[in-house]
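Since the structure comes first, as structure tokens, the remarks are kept for the end.
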Amino acid sequence: RVLGLKAPRVYRNDEHEINMEFVDKARIATDIKWKPGELNERINSNDGLMMNLLDLLISNQDRNGGNWMFTDDGKHSVPIDHGMAFTDVLHGFSPDTPSPATSALQFAKFGQWLDNDLSPQDISTLRERLKGLRGDFEKLGREEWFDFMLKRLDAIGKRAKGKGSKVPPAV
């Protein structure tokens, strides 16, 4: 949500159970009959850029057509199902190198970071927003996940070549 995405809130009931908020007025991407080029247009939108960035930051290895939705008005992507987040942390990948399994081709290809459309100011804005989440990670004893996320943002930031802001307001 700090990336400006309409991600549903998730609630931890106990150590082994979480629930996700119901997403009203949205459909799973695989349930939509896309016009030619329409899906690529959505993926390459600012919303798509932010969802790809999210997947890289949280090292989500499972973004498929069943794990994202679009609002019925077609304005917003809704990322769901982050059960495989932080897999790179768990498997010892470096935040300086993108995982080969990520789908975020706007940022990485063949294990190398690419120049991206974010600006250095975007990186600074996102870093400040993400720093506000530190307490949530500490509460779960997952400080290494938080550190990984910020280090990966810094690696992406080294290739930020955009002009003007691509980052929407936090939701």
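Rule-based calculations on the coordinates, nothing more; no lab input. Here the structure is a predicted model, which is why all the values come from computation and not from measurement. Cβ: placed from backbone, ideal geometry, glycine included. Neighbour counts: every protein chain shown.
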(request) Just grab the label-to-label distance for residue 31 and residue 97, each label 7 Å out from Cα along the Cβ direction, in nm (one decimal). (result) 4.0 nm
(request) Write down, largest first, the equivalent ellipsoid semi-axes of the chain in whole Å, where each equals the square root of 5 times an eigenvalue of the alpha-carbon gyration tensor. (result) 23, 21, 16
(request) Add +1 for every Lys or Arg and -1 for every Asp or Glu among the other residues with Cβ under 14 Å from the Cβ of residue 52, and state the total. (result) +1
(request) Take the range 35-101, compute every pairwise Cα distance, and split them into 5 Å bins from 0; I just need the percent in each bin. (result) 4, 15, 27, 22, 15, 10, 5, 2, 0
(message) Testing the spin-label approximation: label points 7 Å from Cα along Cα→Cβ at residue 90 and residue 115. State their distance in nm.
(response) 3.7 nm
(request) Enumerate the lysines that residue 131 could reach by cross-link, defined here as Cα to Cα under 22 Å, with residues fewer than 8 away along the same chain left out. (result) 6, 139, 151, 158, 166
(message) What does the extension gain come out to for residue 147 and residue 23, with contour length at 0.36 nm per residue minus their alpha carbon separation?
(response) 41.7 nm
(request) In a Gaussian network model over the chain where Cα atoms closer than 10 Å are linked, find which of 24, 62, 117 has the largest mean-square fluctuation. (result) 24
(request) Taking the Cα centre of the range 13-154 as origin, work out the dipole magnitude from +1 charges on Lys and Arg Cβ and -1 charges on Asp and Glu Cβ, in debye rounded to 20. (result) 380 debye
(request) Assuming a ≥ b ≥ c are the square roots of the Cα gyration tensor eigenvalues, decide whether the range 17-70 counts as rounded (a/c under 1.5), prolate (otherwise, with a/b larger than b/c) or oblate. (result) oblate
(request) For the range 85-139, just say rounded, prolate or oblate: build the C-alpha gyration tensor, square-root its eigenvalues into a ≥ b ≥ c, call rounded for a/c under 1.5, and beyond that prolate if a/b exceeds b/c, oblate if not. (result) oblate
(request) Given the options 56, 114, 140, state which has the largest fluctuation in a GNM of the chain using a 10 Å cut-off (strictly under) for Cα springs. (result) 140
(message) Tell me whether the range 72-171 comes out rounded, prolate or oblate; compute the Cα gyration tensor, take square roots of the eigenvalues as a ≥ b ≥ c, and use a/c under 1.5 as the rounded threshold.
(response) rounded
(message) Below 8 Å, C-alpha to C-alpha, sequence gap of six or more: please give me the relative contact order for the chain in percent.
(response) 28 percent
(request) Could you tell me which of 111, 45, 4 has its Cα farthest along the dipole of the chain towards the positive end, charges placed at Cβ (Lys, Arg +1; Asp, Glu -1), taken about the Cα centre? (result) 45
(message) Can you show me the helix-derived [θ] at 222 nm for the chain, built from DSSP H runs with n ≥ 4 at -39,500 (n - 2.57) apiece and divided by the number of residues, rounded to the nearest 500.
(response) -9500 deg cm²/dmol
(request) Please give every one of the lysines within straight-line cross-link reach of residue 33, meaning a C-alpha to C-alpha distance under 18 Å, and leave out same-chain neighbours fewer than 8 residues apart. (result) 25, 75
(request) Give, as ranges by residue number, the residues of the range 48-69 whose backbone N falls under 15 Å from the point 7 Å along Cα→Cβ of residue 129. (result) 48-58
(message) Test of understanding: in a Gaussian network model of the chain with alpha carbons linked when under 10 Å, which of 63, 152, 42 would top the mean-square fluctuation ranking?
(response) 42
